[in-house]
Amino acid sequence: MGPLKGIKVIEMVGLGPGPLCAMMLADMGAEVIRVDRPGGNMFSGAKADILGRNRKSLAVDLKHPDGIATVLKLVEQADALIEGFRPGVMERLGLGPDACLARNPRLIYGRMTGWGQDGPLAQGAGHDINYIALAGALHGIGEKDGRPIPPLNLVGDFGGGGMFLAFGIACGLLEAKNSGQGQVIDCAMVEGSAVLMGMFYAMHQAGMWKDERGSNMLDGAAHYYNTYETADGKWVAVGAMEPQFYATLIRDTGADPELFKNQHDARAWPALKAELARIFKTKTRDEWCALLEGGDACFAPVLSLTEAPKHPHNVARKTFVEVDGMLQPAPAPRFSRTPPELRHGPRPPGADSDDILAAWGFTGQEIAALRATGAVSGPQKSGQG
């Protein structure tokens, strides 16, 4: 059932990093309740909204005082709350940390923003690309003498945002178990992204990293850590950094060992990249896979979203699964004794309003009253109304 079975979380539904955090907690067995706006957002309830899986939905009008009172009553029983609004929005709604912790002193109150809860930029709008730019991450990604290229929104939204908030909530829950006290987590994507860049800041200060794109071992300058086009117009990736793996790459590709003997001579990298590019163009991707995959050349095919789920390794490991007709990544990481599970896909806004309220202690009369005022909405169970 997952290692977080028994943990109860309220998710104030937003976009991007918040839903990823909530999905991770739900995948691990936590009961996460999505507090949706009536009608939801652009993704709510769509089968393709994979980040919305494994949670039930309660539709609440946060402009209605009874809607706010409903959320506060849920807070009394929750272990954690996730919100991703601009600083001050939850306070203006009457759902800020002070109000919630007054109801439940053990609550872990997780706040997800780009810039953080304070500071000169705290009230400014932004997205992943802006946050990783300020963290120093975007500067290093791209070709030499070219423009910075955003690595999708993996670094800020998800790596430096949602995953850091999930980690923070897990840490907060463990601490509260010992202290009996809750606290507020200020999770800023700028700061999470900066932490992800920690190794590069260290290497730069040690004189091991040039502060310019396309000039270093891991940023596309080195021939042994790069991507190459194959004869059929597809691509492969090699990352043979260690001497023994580098020797295997040179041997198994048929490259001239004399030409490639000075692996770490950066002056030779452009010419060696050109030679490996020529070599990889002599065979198709599948031919290179047959020759190198699974060995010690640190080789992999570059797969598309369509191809990756079909790769034999991913199939064998069940890396991708199908839920409600939607192919999607399985929960990770894996646990030997308390394995996570996928229970269901995303639910439409308010699809579970009555069930959630009943399970969290609201009487039938209270539920009917909330529906009558419009504070809570969603499909009604047959026989109600």
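Determine if region 154-176 includes at least one residue that is in the same structural domain as Pro19 (by TED's automatic domain parsing), free of Cβ contacts under 8 Å to residues at least 40 places away in the same chain and farther than 24 Å from Leu4 by Cα.
For region 154-176, residues in the same structural domain as Pro19 (by TED's automatic domain parsing), free of Cβ contacts under 8 Å to residues at least 40 places away in the same chain and farther than 24 Å from Leu4 by Cα: present.
Could you please let me know if Ala137 is buried (at least 23 other Cβ atoms within 10 Å of the Cβ), more than 24 Å from Val32 (Cβ to Cβ) and out of contact with any strand residue (DSSP E or B) (no Cβ under 8 Å at 6 or more places or on another chain)? Spell out how you get there, then give the answer.
On the way: buried (at least 23 other Cβ atoms within 10 Å of the Cβ): yes; more than 24 Å from Val32 (Cβ to Cβ): yes; out of contact with any strand residue (DSSP E or B) (no Cβ under 8 Å at 6 or more places or on another chain): yes.
Considered against the rule, which asks whether it is buried (at least 23 other Cβ atoms within 10 Å of the Cβ), more than 24 Å from Val32 (Cβ to Cβ) and out of contact with any strand residue (DSSP E or B) (no Cβ under 8 Å at 6 or more places or on another chain), Ala137 comes out as yes.
Looking at region 168-199, which of its residues are in a strand (DSSP E or B) and either touching a His at 6+ places or on another chain (Cβ under 8 Å) or farther than 18 Å from Asp79 by Cα (or both)?
Ala188
Would you mind finding the one in Val71, Val35 that is assigned to a strand (DSSP E or B) and more than 19 Å from Gly161 (Cα to Cα)? Reasoning before the result, please.
Numbers: Val71 fails: assigned to a strand (DSSP E or B).
Matching residue, one of Val71, Val35: Val35.
Yes or no, residue by residue, for (1) in the same structural domain as Val32 (by TED's automatic domain parsing); (2) within 23 Å of Leu51 (Cβ to Cβ); (3) aliphatic (A, V, I, L, M):
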site: Pro331; (1), (2), (3): yes, yes, no
site: Ser336; (1), (2), (3): yes, no, no
site: Pro339; (1), (2), (3): yes, yes, no
site: Arg343; (1), (2), (3): yes, yes, no
site: Arg347; (1), (2), (3): yes, yes, no
site: Leu357; (1), (2), (3): yes, no, yes
site: Gly364; (1), (2), (3): yes, no, no
site: Ala369; (1), (2), (3): yes, no, yes
site: Thr373; (1), (2), (3): yes, no, no
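Taking only pairs six or more apart or across chains, which ones have beta-carbon atoms under 6 Å, a first residue in region 301-323 that is touching a residue at least 40 places away in the same chain (Cβ under 8 Å), and a second residue that is basic (Lys, Arg) and part of a helix (DSSP H, G or I)?
Matching pairs, first to second residue: Pro301/Arg285.
Which residues, taken from region 109-146, are among the aromatic types (Phe, Trp, Tyr) and in a loop (DSSP other than H, G, I, E, B)? Don't jump to the end; show me each part of the working.
Step one: filter region 109-146 for residues among the aromatic types (Phe, Trp, Tyr), giving 109, 115, 131.
If the condition is that a residue be among the aromatic types (Phe, Trp, Tyr) and in a loop (DSSP other than H, G, I, E, B), then Trp115 is the only one that fits.
So which residues in region 96-108 are assigned to a loop (DSSP other than H, G, I, E, B) and either farther than 13 Å from Val184 by Cα or without any contact (Cβ under 8 Å) to a residue 60 or more places away in the chain (or both)?
Step one: filter region 96-108 for residues assigned to a loop (DSSP other than H, G, I, E, B), giving 96, 104-107.
Within region 96-108, just Gly96 meets the criteria.
What are the residues in region 265-290 that are closer than 19 Å to Met217 by Cβ and either over 34 Å from the mean Cα position of the chain (by Cα) or crowded, with 17+ Cβ neighbours inside 10 Å (or both), if any? Break it down stepwise before answering.
So in region 265-290, the residues closer than 19 Å to Met217 by Cβ come out as 265-277.
Answer for region 265-290, where residues must be closer than 19 Å to Met217 by Cβ and either over 34 Å from the mean Cα position of the chain (by Cα) or crowded, with 17+ Cβ neighbours inside 10 Å (or both): Asp265, Ala266, Arg267, Ala268, Trp269, Pro270, Ala271, Leu272, Lys273, Ala274, Glu275, Leu276.
Inside region 149-167, can you point out the residues that are surrounded by fewer than 16 Cβ atoms within 10 Å (Cβ to Cβ) and part of a loop (DSSP other than H, G, I, E, B)? Lay out the reasoning, then the answer.
Here is the first cut: in region 149-167, the ones surrounded by fewer than 16 Cβ atoms within 10 Å (Cβ to Cβ) are 149, 152, 154, 167.
Passing the criteria: Ile149, Leu152.
Name the residues in region 232-263 that are under 34 Å from the mean Cα position of the chain (by Cα), over 14 Å from Cys289 (Cα atoms) and surrounded by 12 or more Cβ atoms within 10 Å (Cβ to Cβ), would you?
Hits for region 232-263 are Gly239, Ala240, Met241, Glu242, Phe245, Tyr246.
Pull up region 99-134, narrow it to residues that are touching an Asp or Glu at 6+ places or on another chain (Cβ under 6 Å) and of a type in the set (Lys, Arg), then point me to the one that is surrounded by the fewest Cβ atoms within 10 Å (Cβ to Cβ).
Among those residues, the one meeting the criterion is Arg103.
May I ask you to verify whether Ser215 is crowded, with 16+ Cβ neighbours inside 10 Å, more than 30 Å from Pro19 (Cα to Cα) and either in the same structural domain as Gly96 (by TED's automatic domain parsing) or not aliphatic (A, V, I, L, M) (or both)? Full working, then the answer.
Numbers: crowded, with 16+ Cβ neighbours inside 10 Å: yes; more than 30 Å from Pro19 (Cα to Cα): yes; either in the same structural domain as Gly96 (by TED's automatic domain parsing) or not aliphatic (A, V, I, L, M) (or both): yes.
Yes.
Quick one: which helices (runs of 4 or more DSSP H) sit completely within region 251-345 and have at least 3 residues that are under 23 Å from Ala231 (Cα atoms)?
Numbers: elements: 269-280, 285-292, 312-317.
Where helices (runs of 4 or more DSSP H) fall fully within region 251-345 and carry at least 3 residues being under 23 Å from Ala231 (Cα atoms), they are 269-280, 285-292.
So, in region 222-231, of the ones that are touching a Lys or Arg at 6+ places or on another chain (Cβ under 7 Å) and part of a loop (DSSP other than H, G, I, E, B), which residue ends up surrounded by the fewest Cβ atoms within 10 Å (Cβ to Cβ)?
Going residue by residue through region 222-231, those that are touching a Lys or Arg at 6+ places or on another chain (Cβ under 7 Å) are 223, 226, 229-231.
Restricting the remaining residues to those that are part of a loop (DSSP other than H, G, I, E, B) gives 223, 230-231.
Numbers: His223: 24, Thr230: 20, Ala231: 14.
The qualifying residue surrounded by the fewest Cβ atoms within 10 Å (Cβ to Cβ) is Ala231.
Just the residues that are over 15 Å from Asp354 (Cα atoms) and not in a helix (DSSP H, G or I), please, taken from region 45-60. First the steps, then the outcome.
First pass over region 45-60, keeping only residues over 15 Å from Asp354 (Cα atoms): 45-54.
Across region 45-60, the qualifying residues are Gly45, Ala46, Lys47, Ala48, Asp49, Arg53, Asn54.
The values are calculated or read from the model by the stated rules, or taken from the named source; none is laboratory data. Values in this document were obtained by computation on a predicted structure and should not be read as measured data. All Cβ positions, even for glycine, are placed from backbone atoms using ideal geometry, and neighbour counts span all protein chains on display.
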